[in-house]
Amino acid sequence: MELPYAESWKIKMVEPVRKSTAEEREEWLKAAHYNVFQLKASEVYIDLLTDSGTGAMSDRQWAAMMTGDESYAGSTSFYELRDTIRRITGFEYVVPTHQGRAAENVLFSHLVHAGDYVPGNSHFDTTKGHIEARKAFAVDCTVDDARNTQLEVPFKGNVDPAKLEKALKEYGDKVPFIIVTITNNTAGGQPVSMQNLREVRALADKYGKRVVFDSARFAENAYFIKTREEGYADKTIKEICREMFDLADTMTMSSKKDGLVNMGGFIATRWEDVYEGCKKFAIPYEGYLTYGGMNGRDMAALAVGLDENTEFDMLHTRIHQVALLGKLLDEYGIPYQRPAGGHAIFVDALKVLTNVPKEEFPAQTLTVELYREAGIRACEIGYILADRDPVTRENRFGGNDFVRLAIPRRVYTDNHIRVIAAALKNVYDRRESINHGVRITWEAELMRHFTVKLEPVK
Ligand SMILES: *Cc1c(COP(=O)(O)O)cnc(C)c1O
């Protein structure tokens, strides 16, 4: 008999989780203004808000914490981290930052100016925020396939080369660089193929542009290349990572994702001029160049995390769990962005809550209902997160309206996954009775989803 699948690790330390009553949850929702970001963690049973910084570290990472060097300048842990990043990416220069958006802030302070256009594939919200805050524009060149949630294609995160070329022609000198997000978080944790990265590189070379990878989930992207793209089955994850980064000039990284740590980020680049430009902003914003807002011990743990998470077994365990959730939703007929992504399942709220008008934010409404049902905290990746158009100030209802069920790394078991799927099924079964959503009572100008205040329409 073939042995069944099992996790590539065993558990050494556990943390209790707490259930709540329906009455408690109703009260907490109200106090949180129907925005799950405002809930206390103690009010949550299973937390799928994000896979960012929520993972469990390994025994090797905890051991590395003890060897962290807290020197202000020239920390040994920095050099360990730099050497690991060099080995995995081939990038010579490394600037640590306290998280991914800080890497964006430092790099974009150097490269993005008012009136610029930055083409890419579904810019992440902080990436878009840092572009728009500089009075520049994010140009989305994602393949149209990404919009059709029911279409089963292997690389839905890809850049559409025709759209990219049009943007490069139209905006010419106003394009500081092309940014490719691997995996494409906003489109559903969908991967970008090596072939597509090559096409982007060719266009960049043709128009004399540089390519930045927003690399938060680069290892998961490499896993999908290995398992879905022809010619990669026999390559190691580390070989694939190196081949991907060979097609880029610079990367920003949120280490809270594929770095397997709870906090941290970095910029890495092959270009000395980019490094010199970043140095000017890294020091005042983040700190000296050999720590950049990170503890020595955290850099030590990150070096180990990057090494561990670029191994096949680790990634297979993780992505298998996300796929299990997708499989269960298939059984229940619940529509989500297909195929299952690398870090999350993105439920297609417009196809679930068909009675809720888009002006009443269906995905946010479904997020609230899932919490109400079982204390499970998901995250709206939809019309609230899309913010308003910077020019017209209208809500942007053009894209997908998703509820993201993000799976933390090495935290929940497959039994938790079954609870999540069952809770969602219960909401799905009563979907016809949900006719109204929420309205905004207060919002911030940028990145409003974190702090927005809402109330039920009825
Ligand atoms: C999380 C994330 C960021 C920002 O990183 P933080 O560490 O949260 O600041 C940028 N891009 C992508 C694709 C991300 O997923």
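Brief remarks follow.
- Spatially close lysines, pair count over region 124-238: Cα under 15 Å, gap of eight or more or interchain: 10
- Each residue of region 375-380 is assigned a 3J(HN,Hα), and the resulting list reads x, 8, 9, 9, 9, 6 Hz, derived from the Karplus form 6.51 cos²θ - 1.76 cosθ + 1.60 (θ = phi - 60°), x at Gly and Pro.
- Between E272 and Q195, the FRET efficiency from the beta-carbon distance, with R0 = 35 Å, is close to 0.70.
- Per atom type, region 360-406 shows carbon and sulfur on 46% of its accessible surface, probed at 1.4 Å.
- Pairwise label distance in nanometres, A6 with E165, each label 7 Å out on the Cα-Cβ vector: 5.3 nm
- Sites A22 and Y285, calculated FRET efficiency, Cβ-Cβ separation with R0 56 Å, nearest 0.05: 0.80
- Solvent exposure of region 335-458 amounts to 37 Å² per residue of accessible area, where only protein heavy atoms count and the probe is 1.4 Å.
- In percent, rounded to a whole number, the relative contact order of region 131-238 is 24, using alpha-carbon pairs under 8 Å and six or more apart.
- Column: log10 I(q)/I(0), Debye, Cα scatterers of region 1-77, q = 0.13 Å⁻¹: -0.72
- GluC sites (Glu not before Pro) within region 155-235: DSSP coil, no more than 14 neighbouring Cβ in 10 Å: E230
- Only DSSP H runs of four or more residues enter the estimate; each adds -39500 (n - 2.57), and after division by the residues of the chain the mean residue ellipticity at 222 nm equals -12000 deg cm²/dmol.
- Region 202-303: C-alpha gyration tensor shape, a/c 1.5 cut-off, then a/b vs b/c: oblate
- Grouping the Cα pair distances of region 111-235 into 10 Å bins from zero gives a pair-distance distribution of 14, 45, 32, 8, 1 percent in increasing distance order.
- When the solvent-accessible area of region 113-258 is split by element, carbon and sulfur atoms take up 50 percent of it, the probe being 1.4 Å.
- Rg/Rg_globular for region 394-458, with Rg_globular taken as 2.2 N^0.38 Å and Rg from C-alpha atoms: 1.47
- Per residue, in Å², the accessible surface of region 152-215 once ligands and nucleic acids are set aside, probe 1.4 Å: 35 Å²
- Computed P(r) (all Cα pairs; region 295-356; 10 Å bins; percent): 19, 33, 24, 16, 7, 0
- Rounded to whole numbers, the Karplus 3J(HN,Hα) couplings from phi for region 99-104 are 6, x, 5, 5, 4, 4 Hz, using 6.51 cos²θ - 1.76 cosθ + 1.60 with θ = phi - 60°, and x at Gly and Pro.
- Legend: translational diffusion of the chain by Stokes-Einstein, Rh = Kirkwood radius over C-alpha pairs, 10 °C, 1.306 mPa s; D = 71 µm²/s.
- Long-range amide H partners of D214 with built H, under 5 Å: V180, T181, I182, T252
- Averaged over its residues, region 1-135 has an accessible area of 53 Å² per residue, based on protein heavy atoms and a 1.4 Å probe.
- Amide proton proximity set for T142, modelled H, under 5 Å, gap of 5+: S122, D160
- Whether region 86-174 is rounded, prolate or oblate, judged on the alpha carbon gyration tensor where a/c under 1.5 counts as rounded: oblate
- Global form of region 13-137, assessed from the alpha-carbon gyration tensor, a/c cut-off 1.5: oblate
- Sequence of K425, K206 when ordered by accessible area, the most exposed leading, probe 1.4 angstrom: K206, K425
The values are calculated or read from the model by the stated rules, or taken from the named source; none is laboratory data. Everything numeric here is computed off the predicted structure, so don't read it as measured data. Every residue, glycine among them, receives a Cβ derived from its backbone with ideal geometry; neighbour counts consider all protein chains shown. Keep in mind that these areas ignore ligands, DNA and RNA; they rest on the heavy atoms of the full protein, side chains included. Shrake-Rupley method; radii C 1.70, N 1.55, O 1.52, S 1.80 Å.
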